[in-house]
1. Check W373 against each of (1) modelled with pLDDT of 70 or more; (2) under 30 Å from L189 (Cβ atoms) and name the one condition it does not meet.
2. Among the residues of region 86-112, write down those that are of a type in the set (D, E, K, R) and either under 26 Å from L419 (Cβ atoms) or not in a helix (DSSP H, G or I) (or both).
3. Is it true that some residue in region 340-360 is at pLDDT 85 or above, under 25 Å from Q92 (Cβ atoms) and either open to solvent by less than 10 Å² (accessible area, probe 1.4 Å) or touching a His at 6+ places or on another chain (Cβ under 7 Å) (or both)?
4. In region 61-89, which residues are open to solvent by 10 Å² or more (accessible area, probe 1.4 Å) and either among the β-branched types (V, I, T) or over 24 Å from V229 (Cβ atoms) (or both)?
5. If the requirement is being in contact with a helix residue (DSSP H, G or I) (Cβ under 7 Å, 6 or more places away or on another chain), part of a helix (DSSP H, G or I) and closer than 17 Å to I255 by Cα, which of these qualifies: M67, M115, M83?
6. Which residue pairs have Cβ atoms under 7 Å apart, sit 6 or more places apart or on different chains, and have a first residue in region 257-278 that is under 26 Å from F302 (Cβ atoms) and a second that is not in a helix (DSSP H, G or I)?
7. Does G253 satisfy the criteria of being open to solvent by less than 40 Å² (accessible area, probe 1.4 Å), on the phi < 0 side of the Ramachandran plot and modelled with pLDDT of 90 or more?
8. Please go through region 276-324 and pick out each residue that is among the acidic types (D, E), within 25 Å of the chain's Cα centre (by Cα) and part of a helix (DSSP H, G or I).
Amino acid sequence: MQERHRLGEEEITRELLRPLVTTTPMMWVGFIGLGAVLAIFVFAVSWMFYWGLGVTGLQRPNMWGFMIVNFVFWIGISHAGVMISAILRLTQAEWRRPVTRAAEVMTIFSLMTAMLHPVIHTGRPWRTLYWVFPYDFWRNLWPDVRGPLVWDPSAILTYLTGSTLFLYTTMIPDMALARDRTTGWRKVLYTILALGWRGNERQWKMQTIAGFLLSGLILPVFVSVHSIVSWDFAVSLVPTWHATVFAPYFVIGAIHSGVSAVVTLMALMRWLFRFDHYIRLEHFDAIGRLLIAVGTGWLWFFLLDIFFAIYPQEPRETEIMTFRLFEWPFNVFTALIFIFGYFIPVPIWIFQRFRRNVKIMFWTSILVNVGMWAERYWLIKPGLMRKYEFTFDWNWYRPSIVEISIVLGSFALVGFLLLVFSKIFPPISVWEEKEGQHFAQQLQVGKRVVNAIVREF
C-alpha cells in the first residue's frame, strides 16, 4: 500500500513475533474476561446436559431457538477468511497482507463454534456420537442424501478442511522463522510444523503455487457452504422459509457480517498488539469501500426476500410477514436490521475521513453484526412460531438464561481461541509483510517521487 512505513526485515520480525513472548495488560484483561464468560458457558451447557432440554425455551413448535440462530451466524462469520484471503490473493490486492492470517484463523474458529451448536442442541451429544460412529449400515439403514442434515456436515467439514490447509500452507515459512528464534517446547513444536522448511527457491515456488491452487479450489466451497445452510430452510415447507432467493441472500449476508467482523478484529489487533505500522488507516479505508458495495447488495436481497413473501398473496406467508414487520417484538428486530445493518454504517463509510477513523470503523462494524444477528433471528423464529395452520399450535418462544449464556459463551469462545492463537503463532504473516516491503518502490514521475507497488512476472 502507498502509506507503508519503510521497515527493515529484522524490525518486522521482532515486532510481529512480539505477542508470542510478551503478554500486555490488555491481553491479560482479555484472557480473564473471556475466560469468565467461558466458565459460565460451560456451566450452562453442563446444566442443560444434566437436566435436559427442558431448561431451555424450546417447546412445540419452536424446536430450534438461539442455537440455530447462532449456528447460521457463525457460519456467516467464517466467510471472512476466504473473502479476504482467497479472493484478494487471486486479485493481488495489496491491502490484504496484514489481515489475511487473522481472518483465516477466525474462519476456522467460527466454523468450529458453529459445528458445536447442533451437537449441544441434541442434549445428549454422547448418544449422538454413538448413533453416528460406526453407522449402522449392516441393517441397511442409509442416510437420506437428499436431506440437509447430510449436506451440512459434508459442506462444513470440506470447508473446515480446506480452510485449515490454506492457513497451514501460508504459515510454514513463519514456523521456520520461529523455529530458528526459540528454544524449549516452542522450538520442538515449530520444528514439527515447519516441515523442514529452509527457504530455498524450490520450496518458495511450491508454497506459492499451493497457495494459489487452494485459493481457487476453496472459492466454490465458499459459495456452496452458506447456500447449503440456506437450503436447510428453503427446502422445508415452513412459511417464509420456502424461498428460492435464500441461497444468494445468505451468501451476501455472510460476506457482510464476516468482513465487518474482520474490521472489528483489525481494530482489536491494532490496539492489543500495537501493530500501527502494519494495520494502517489505508487498510480500514480499503475495507470500508468494499463494505459499502457488500452492504448495498445485502440490502437488495433483504428487500427481495420481503417482496417474494408478499407478492404471491398466500395467506400464511402474508400473515407471517405482517407479524415480522408490524407486531412486537419483531417490528423492533426489523428496525434494528435496517438501522444497524445498513442505514447507520453505510452512510458513514461513504466519507473517507470516517473510513480512516479506527474507532468509528470499530463501532460501526459491531453495529453491523448486531443487526446481522438480529436478521438471522428475524428470518428463523416467526416461521417456527406459526408453523402450523391451527392456532392452538402457535406458541411464543422465550429464550431461557441457559440459551442466552450459550450465545454469549460462543462469542467468548471465538475471542479466547484467537487470543490463544496469538500467543503461539504470529497473528500477522511475517513473510507476507516482508514481501510487501520488497515490492514497495519509489518512482520518479516528472518532478515528483511517488510510492508504488512494482511486481515482476
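The values are calculated or read from the model by the stated rules, or taken from the named source; none is laboratory data. What you are looking at is a predicted structure, and each value in this text was computed from that prediction instead of being measured. Ideal geometry is used to build each Cβ from the backbone, glycine not excepted, and the neighbour counts take in all protein chains shown. Side chains are part of the model used for accessible areas, which takes the heavy atoms of the whole protein and leaves out ligands, DNA and RNA. Shrake-Rupley method; radii C 1.70, N 1.55, O 1.52, S 1.80 Å.
1. (2)
2. Hits for region 86-112 are R89, R96, R97, R101, E104.
3. Among the residues of region 340-360, at least one is at pLDDT 85 or above, under 25 Å from Q92 (Cβ atoms) and either open to solvent by less than 10 Å² (accessible area, probe 1.4 Å) or touching a His at 6+ places or on another chain (Cβ under 7 Å) (or both), which makes the answer yes.
4. I68, I87, R89 - these are the residues of region 61-89 that are open to solvent by 10 Å² or more (accessible area, probe 1.4 Å) and either among the β-branched types (V, I, T) or over 24 Å from V229 (Cβ atoms) (or both).
5. M83
6. If the second residue must be not in a helix (DSSP H, G or I), the pairs left are G258/S78; V262/V99; M266/V99; M266/I279.
7. Judged against the criteria, G253 is a match.
8. The answer is E282, D285, D305.
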